[in-house]
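Take a look at the structure set out below.
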Amino acid sequence: ADIISTVEFNHTGELLATGDKGGRVVIFQREPESKNEPYSQGEYNVYSTFQSHEPEFDYLKSLEIEEKINKIKWLPQQNAAHSLLSTNDKTIKLWKITERDKRPEGYNLKDEEGKLKDLSTVTSLQVPVLKPMDLMVEVTPRRIFANGHTYHVNSISVNSDCETYMSADDLRINLWHLAITDRSFNIVDIKPANMEDLTEVITASEFHPHHCNLFVYSSSKGSLRLCDMRASALCDKHSKLYEEPEDPSNRSFFSEIISSVSDVKFSHSGRYMLTRDYLTVKVWDLNMETKPVETYQVHDYLRSKLCSLYENDCIFDKFECAWNGSDSVIMTGAYNNFFRMFDRNTKRDVTLEASRESSKPRAILKPRRVCVGGKRRKDDISVDSLDFTKKILHTAWHPTENIIAIAATNNLYIFQDKVNSEMH
């Protein structure tokens, strides 16, 4: 139940939310920098924990609906409170997170326990006063958006207009208003009239960061479709289709499975899109549909292992990807608790490991190497000794700083570069 299923920084990076298979959301808050150590960055400590979803049962379909949190998305902060959306397979909820550090005392008609006084004993008026109290974080459900999806919700995305958001399942994408729970507008529907004709499903979707009319969705066939909501109410006809022609020499039984896009993310600038399939991450320019402008091999050494990965179902794992704040570095996960980073400017890449040994304070992550066959250097790891049960599917990057959050099964690792000046 405590396996982490999603990780998300808020817009300032001060808060970090994780969701798990047990339906819980844990929010971490970054501590302010201490005056004694001006160079030490604040650590992330638990701020609030709450149960977001409970297991349900659909009696009409005889289906259990898991409580697992599929995605969390923060809303831009409008006032002192924070708001986030969380979703399981079927139901999306809007939560409000507020702080209380004062409480009123000295009511006229209530005693200290909150019970009503005997009115005959009230002989004088007093003015209630606010007294300081220990900080209390209150999380309240503001809206519940239910009954919008027949299939499993795989992604939610808040629009840049801060009023609407969309939710996508395998065959449909719905547009919701944050204030209206009883109806949504269907903006994409790829369900064929006859389900036997089904050839692809929607795997992820996201709104453009600046243009509230644009969104993209990816498919299990490896294509991306950019849609413009100004064109028509139902965006079944895409504005642009991004797909790479397949190299016939690489064709195999697994080609279709490994070309399925598991995640798509717009760059902060809105100029590029980042996609992850089973073996690669690709950067697409919005203005070029024929092929990606950059392709990076995440774990090419697994190409010869696809047969055993198919047998143990790992080939269906859905890895996510992330941009850094300046869109110059991209990150994605791999097996054996490894995660990969690619520098777009220098074309350098690195493999790092999220492990207990590397999580000691001030520990510096050592680059790891996976070797195939032949000679092995010291510290190299053979491709045959990789642990496929340890996988990093969910990662997040702080919006402005070099701080990353890595979910490795039920552990959350937070790394940052150069903790203080002595380590430069």
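The values are calculated or read from the model by the stated rules, or taken from the named source; none is laboratory data. Source: prediction; values computed, not measured. Backbone-built Cβ (ideal geometry, glycine too); neighbour counts: all protein chains shown. These accessible areas exclude ligands, DNA and RNA; they are computed on the full protein's heavy atoms, side chains included. Shrake-Rupley method; radii C 1.70, N 1.55, O 1.52, S 1.80 Å.
Scan region 1-27 residue by residue and report those that are assigned to a strand (DSSP E or B), open to solvent by 30 Å² or more (accessible area, probe 1.4 Å) and among the acidic types (Asp, Glu).
Hit for region 1-27 is 8, nothing else.
So which of 311, 289, 244 ends up being open to solvent by 10 Å² or more (accessible area, probe 1.4 Å), modelled with pLDDT under 95, touching a Gly at 6+ places or on another chain (Cβ under 9 Å) and of a type outside the set (A, V, I, L, M)?
On the way: 311 fails: touching a Gly at 6+ places or on another chain (Cβ under 9 Å); 289 fails: touching a Gly at 6+ places or on another chain (Cβ under 9 Å).
After ruling out the rest, the residue left standing is 244.
Go through (1) among the basic types (Lys, Arg); (2) exposed (fewer than 13 other Cβ atoms within 10 Å of the Cβ); (3) in contact with a Leu (Cβ under 9 Å, 6 or more places away or on another chain) one by one and return the number of the condition residue 348 breaks.
(3)
Can you run down the residue pairs with Cβ atoms below 9 Å, 6 or more apart or on separate chains, where the first is in region 246-265 and of a type in the set (Phe, Trp, Tyr) and the partner is crowded, with 16+ Cβ neighbours inside 10 Å and outside any strand (DSSP E or B)?
Final answer for the pair search is 253/306; 254/278; 254/306; 254/309; 254/315.
Just for region 120-164: of the residues that are of a type in the set (D, E, K, R) and part of a strand (DSSP E or B), which one is nearest to residue 177 (Cα to Cα)? Quick ask: steps written out before the conclusion?
In the first step, residues of region 120-164 are kept if they are of a type in the set (D, E, K, R); the result is 131, 134, 138, 142-143, 161, 163.
Now drop any that are not part of a strand (DSSP E or B), which leaves 131, 134, 138, 142-143.
On the way: 131: 38, 134: 36, 138: 24, 142: 13, 143: 11 Å.
In this case the residue turns out to be 143.
Could you count how many residues in region 47-82 are closer than 19 Å to residue 407 by Cβ and assigned to a loop (DSSP other than H, G, I, E, B)?
The number of residues fulfilling the criteria is 7.
Looking at this structure, is residue 183 open to solvent by 60 Å² or more (accessible area, probe 1.4 Å) and at pLDDT 90 or above?
Numbers: open to solvent by 60 Å² or more (accessible area, probe 1.4 Å): yes; at pLDDT 90 or above: yes.
The answer is yes for residue 183.
So in region 354-394, with the set limited to residues that are hydrophobic (A, V, I, L, M, F, W, C), closer than 22 Å to residue 313 by Cα and touching a Cys at 6+ places or on another chain (Cβ under 8 Å), which one is modelled with the lowest pLDDT?
Applying the filter and picking the extreme gives 383.
If residue 278 satisfies all but one of (1) of a type in the set (Ser, Thr, Tyr); (2) surrounded by fewer than 21 Cβ atoms within 10 Å (Cβ to Cβ); (3) touching an Asp or Glu at 6+ places or on another chain (Cβ under 9 Å); (4) more than 21 Å from residue 207 (Cα to Cα), what's the number of the condition it fails?
Just one mismatch for residue 278, condition (2).
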